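The structure under discussion appears below in the form of structure tokens.
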Number of protein chains: 2
Amino acid sequence: MNTASSVISSTKVDGTNVYNPGGEKLGSIESLMIDKISGQVRYAIMEFGGFLGMGTDRYPLPWNTLKYDVNQQGYVVSLDQEQLRQGPKYSSDTAPEYTDDYGRRVYDYYGVPWV
Amino acid sequence: MNTASSVISSTKVDGTNVYNPGGEKLGSIESLMIDKISGQVRYAIMEFGGFLGMGTDRYPLPWNTLKYDVNQQGYVVSLDQEQLRQGPKYSSDTAPEYTDDYGRRVYDYYGVPWV
């Protein structure tokens, strides 16, 4: 990966592992949710658990909670497993309506300003 | 697709067809290039030509040149094939450095302000 570049392909983000600062794997990025009008990434959807994509839990994370770590070749978020477990989530077959209210709750939980 | 929602999954964008206003297919979205820091989609990469993903030409398009058309179930851009042919492009095995200079040239070509 060319770390000098200021952009990254969505195809490289999808599937990338997510770790906590202690190096424990929390999950992996399943997809990105993008604001249709502005083109801003609203959430990186991390998935965790399940088997072959079935029954996984999905955690919408504000983009800027993810920091890419070159050594781990994955994203690091400053969350332990317990914080994450209590965070907003849904199962892979029951995606929420991504309303602004929902977004504010997600951003609030992670202490990120909703703009 | 839930058109009431203000967000769309990157997995739904990838592979979506792109048409001109006359309904001619120009290509399809191969991936999105995202600013690593801000999470802003800088380009939707449209691919065109080639065979089974080899030898395709790729056209970086500013996100807001794409308007989703519910009837065509694809994006419409206000370009004819000739405008597109002369636009910034690269072959699938020679991706450019996505510098700001490159970005400004792309945005200039499509008349979109670079911010």
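The values are calculated or read from the model by the stated rules, or taken from the named source; none is laboratory data. Treat the numbers as computed from the prediction; the structure is a model and nothing was measured. As a convention, Cβ positions derive from the backbone with ideal geometry for all residues, glycine included, and neighbour counts pool all protein chains shown. The accessibility values were calculated without ligands, DNA or RNA, using every heavy atom of the protein model including side chains. Shrake-Rupley method; radii C 1.70, N 1.55, O 1.52, S 1.80 Å.
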Task: Label geometry 7 Å along the beta-carbon vector: B:Tyr109 inter-copy distances in nm - done: 4.2
TODO: Nearest to the axis that maps chain A onto chain B: list the chain A residue whose Cβ wins, with the distance in whole angstrom.
DONE: A:Ser10, 2
Task: Over 23 Å [Cα-Cα, segment B:10-107], rounded percent - done: 20 percent
TODO: Quick one: of A:Lys12/B:Lys67; A:Lys12/B:Lys25; A:Lys12/A:Lys36; A:Lys25/B:Lys67, which pairs are farther than 30 Å apart, Cα to Cα?
DONE: A:Lys25/B:Lys67
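Calculate, for A:Ser92 and A:Trp114, the FRET efficiency according to 1/(1 + (r/R0)^6) with r their C-beta to C-beta distance and R0 35 Å; round to the nearest 0.05. Present the calculation step by step, with values, prior to reporting the outcome.
Numbers: r = 25 Å, r/R0 = 0.71.
Working from the Cβ atoms, E equals 0.90.
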TODO: With +1 on each Lys and Arg Cβ and -1 on each Asp and Glu Cβ, and nothing else charged, work out how big the dipole of segment B:10-107 is about its Cα centre, in Debye to the nearest 20.
DONE: 160 debye
- [ ] Report, for A:Ser92, each distance to the same residue's label point in the other copies, shortest first and in nm; define the point 7 Å along Cα→Cβ.
- [x] 2.6
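Just to be sure I follow: if Rg is taken over the C-alpha atoms of the protein assembly as shown and Rh is the Kirkwood radius over the same atoms, what is Rg/Rh?
Rg divided by Rh gives 0.97.
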Task: Total charge dipole magnitude, the protein assembly as shown, about the Cα centre, Cβ charges on Lys, Arg, Asp, Glu only, Debye to nearest 20 - done: 140 debye
- [ ] May I ask for the accessible area buried between chains B and A, both sides summed, probe 1.4 Å, to the nearest 100 Å²?
- [x] 2400 Å²
- [ ] Pull up the DSSP beta bridges for segment B:33-112 and report the antiparallel fraction as a percent, rounded to 5.
- [x] 100 percent
- [ ] Provide a whole-number value for the mean count of partner chain Cβ atoms within 10 Å of the Cβ atoms in peptide B:91-101.
- [x] 2
